[in-house]
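Peer 1: For reference, the structure I am asking about is given below.
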Amino acid sequence: MTDKFKQAFIEEARDILVELESSLLELNENRTDRELVGRVFRAMHTIKGSGGMFGFDKLAAFVHNLENAFDEVLNNRLAVSSELVNLSLSALDQIKAMLQEAVGQGQASDEVCQDLTAKLRRLTEKTETTAVPATPLPPVPVAPLAAVTETREWAVHFRPGADLMRNGADPLLLMRELRQLGDLRVKASLTEIPPIGELDPERCYVSWDMVLTTGAGAEAIADVFIFVTDLCELTIEPMKEATPAPVVAQVAAPISPVTALAGALAALGGKPAIPPPPMASPSASPPPGPKAAGSKAAGSKAVESKPWGRRQSDTPDNATSIRVPAAKLDQFVDLVGELVTVQARLFDIAVRREDPEVVAVSEEIERLTTALREKSIGIRMLPIRATFERFRRLVHDLARDLHKEVELTIEGAETELDKSVLDQLNDPMMHLIRNSMDHGIESAEKRRAAGKRPGATIHLSARHSGASVLISIADDGGGIDAAAVRERAVEKGLVAADAQLSESQIFSLILAPGFSTARQITDVSGRGVGMDVVRRSVEMLRGGIEITSKPGIGTTVTLRLPLTLAIIDGLLVRVERAYFVLPLATTLECIELTRKDIEKANGKHVANVRGEIIPYIRLREYFNMPEKRPEREQIMVAETEEGRFGFVVDEVLGDHQTVIKNLGRFYRQVEMVSGATILGNGTVALILDPQRLVRDALRTMTVGSRAGAREKSRLAVKEAAGAMAASS
Amino acid sequence: MQATLEQSAGVCRVRLQGDLSIASAAELKASLLGALASATELQVDLAEATALDITAMQLLWAANEAARRSGHAFTLAGNIPEEMLLGFREAGFENIPIAQLSPKSNSTLIDPNSIGSNSIEPKPY
């Protein structure tokens, strides 16, 4: 049981860390944003608190120092500096390492931990002598709380939710914590306790009305319940008008001695000029008093116009969502995939039997399976936000290392993509951003000389486009020197010296394997490092890359990715007795190819489609199948990077939405087949990759060893089909 | 937690030992249900209990209610350790009959009239 909670904590902490990281980086840009400081502080507080609760004492102790530093910031005793942000970021890495260690991966270095702790302490200690100039704070002895704060009575209504106790929280301990704030009178309401027979022994049915007499503010009271806000109903309201007290005094929370100190100091020295807000409206925001007075202003802002205790992150989604291990979800989707296959078989049988009743049932099942499949794919869809946000850190660190000023902007972060696509998106995006930062974006001096803003921008955006998602990484750097790229490509023998190439064709040369590694061309054009890694990862995702660039204005790399990898919309085709699936996304049209047409083309593999000459690949020949062509064949015209190509098949059977199965390790070298699927009648259909088919055909054509290569791939494909059939 | 049921002449004494917490709540519920079903008078002995959480308190309360409804007697017997009493007090169960006991008394009958009393004044013990 404990392990389960620990695991939950680790997962939650990881989420918080991601958020924390982007908040910190944002804070680095807007150093005076108090709301951000509050957000950072609360995130740290949560990690510390729940860490301690689940036995991560070392972690809690470490985070405590970090939290202290931000407490100082909240109290205007410490300014946000690059030093603090960088130190905090290193500390986040250390926290991540500690979490990894807890799950048995790697080891967190104690030295780093101590070093960071010492540095943080030094930073916070400094504040005792060098306070932020705006708030000169004389060294005043800490006055007892009661002396500076007016106590008032708060009505606290606390109603634990069904799962509060099951999640390890204990109302008694919470009330004990409340008692530390002041005098607490408690009345339990037992009306909701059901008869003993129907009672769920692990659920708390009791709710409490409490009266707390304290000098602490609603914020501090709500903080007691910080870890259970999702799990309970909580209202905190002032009971009656107390003698006017300085606002600062109310926010001084005994929870943290530093906060208390700030309250005390402010009350003694700061003299808030504005009277406290009317007590009847606890949601009123604190007045914009002197800076020293707003010791927790940022914190309470987050609660503004919401019931006390509810925090910004407590969107309804949070409260009702559940966490499921990704592997379970994969199994689920896999099962749904099986179901789709079985349903297809059922439909097949139903049609063959010509039994209207079975057909009706089968159609109903088809409808349900389709819905089920769509839903299950939907579950795997995640917003791209987390992936994008992760790069803030990369950009920040790289900008520091490269001495460039770079701002990362994000657009369309809510665009959803299949989890497996997202997982594999990290590497290519990292390479692209690195390239932009390193080669694309010029130094500040160069930019100034070119009349540009010294601060560069990298813009990440995502948007839907049909069944694909377009992700672009745009920079406003120097752009790619097309002439230089071309020159280099000619030099390397990638293109003929007199080849007519469009700009986009030239840019796509960058993606060619080996183009970048041979020689440094960064000084001329930039780009290159790892671009073929990018190409390969994107192709693995069945996606494409498009590069546009304008000299002096910038470069945009757009990745076109499928929404999901698990399912493909395709056209089922037949050649002899073999079935193939061609992805619908790239297929443009099907046209008939008759003997007459072939004669007209003088036996050349080209077809005239409404005046456009389209070369085609006859799959029968490509896969070396018996030469017994039917009278009429079909050409499937597909759009590829190399232009439009046709694939000649015997028959087009219709559209087919399939669940992709991997061919397995043995057939990894078979490039032109992206997977396989099992048809309704149990036969295996190979899913063809038109892109690679065309590329392979072109390659073997130019090299001139076409027969040999064809023989090789034919064997491999045949073998793959055989193995799939045997295993199904 | 360990629960021992001792039966004698229509009286069932449930001796509870150790920590009464959420971990043993299901077990406690079963013991109480068993005791309620088997006797007309139920005595719950907390003398050897070492801790008491909300789940245990609400179960005791529910058992008390069940006994009252069926006209049976329900008592908290034995010397209740001061710590348990403090727990009841802290949870605001002080006006709840089951906890309205003096530690000295060996067996206290429940006063159904005081159920639902609204006062939140702490009672001296």
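Each reported figure results from applying straightforward, stated rules to the coordinates on display, with no laboratory input. Small disclaimer: the values here were computed from a predicted structure and weren't measured. Cβ atoms come from the backbone with ideal geometry, glycine included; neighbour counts cover every protein chain shown.
Peer 1: Can you give the Rg/Rh ratio of segment A:382-562, where Rg is from the C-alpha atoms and Rh is the Kirkwood radius?
Peer 2: 0.96
Peer 1: On each of the three principal axes of the Cα atoms of segment A:327-380, give max minus min coordinate, whole Å, ordered largest first.
Peer 2: 40, 14, 9
Peer 1: Could I ask something else about it? Which whole-Hz ³J(HN,Hα) couplings does segment A:603-619 yield from phi under the Karplus relation 6.51 cos²θ - 1.76 cosθ + 1.60, θ = phi - 60°, glycine and proline marked x?
Peer 2: Rounded to whole hertz, the list is x, 6, 7, 9, 10, 9, 10, 6, x, 9, 8, 10, x, 9, 10, 8, 4.
Peer 1: As an exercise, identify the trypsin sites (Lys or Arg not before Pro) in segment A:624-664 lying in DSSP coil whose Cβ has no more than 10 other Cβ atoms within 10 Å.
Peer 2: On the way: sites: A:K628, A:R632, A:R644, A:K661; in loops: A:K628.
Listed in order of number, the matching sites are A:K628.
Peer 1: Residue by residue through segment A:621-630, which ³J(HN,Hα) values in whole Hz follow from phi under the Karplus form 6.51 cos²θ - 1.76 cosθ + 1.60 (θ = phi - 60°), with glycine and proline marked x?
Peer 2: 7, 4, 9, 6, 8, x, 7, 10, 5, x
Peer 1: Continuing with the same structure: Order of A:S22, A:S468, B:S38 from fewest to most other C-beta atoms within 10 Å?
Peer 2: B:S38, A:S468, A:S22
Peer 1: May I pose another question? Sequence gap at least 6, Cα distance under 8 Å: using those rules, report the relative contact order of segment A:2-128 to the nearest whole percent.
Peer 2: 26 percent
Peer 1: Going by amide H atoms built from the backbone, whose H comes under 5 Å of the H on A:M239, apart from near neighbours?
Peer 2: For A:M239, whose amide H was placed from the backbone, the distant partners under 5 Å are A:E153, A:W154, A:A155.
Peer 1: Relative contact order for segment A:70-116: what is it in percent, counting Cα pairs under 8 Å that are at least 6 residues apart?
Peer 2: 27 percent
Peer 1: To make sure I understand the rule: partners must be aspartates and glutamates, Cα under 18 Å from the Cα of A:K661, and not fewer than 8 residues away in the same chain. Which ones qualify?
Peer 2: A:D330, A:D334, A:E338, A:E374, A:D418, A:E539, A:D569, A:E671, A:D689, A:E719
Peer 1: What is the projected area of the convex hull of the Cα atoms of segment A:2-128, averaged over all directions, in nm²?
Peer 2: 6.9 nm²
Peer 1: So which of A:K58/A:K328; A:K48/A:K404; A:K596/A:K628; A:K4/A:K328; A:K58/A:K96; A:K492/A:K604 end up more than 24 Å apart by C-alpha?
Peer 2: A:K58/A:K328; A:K48/A:K404; A:K492/A:K604
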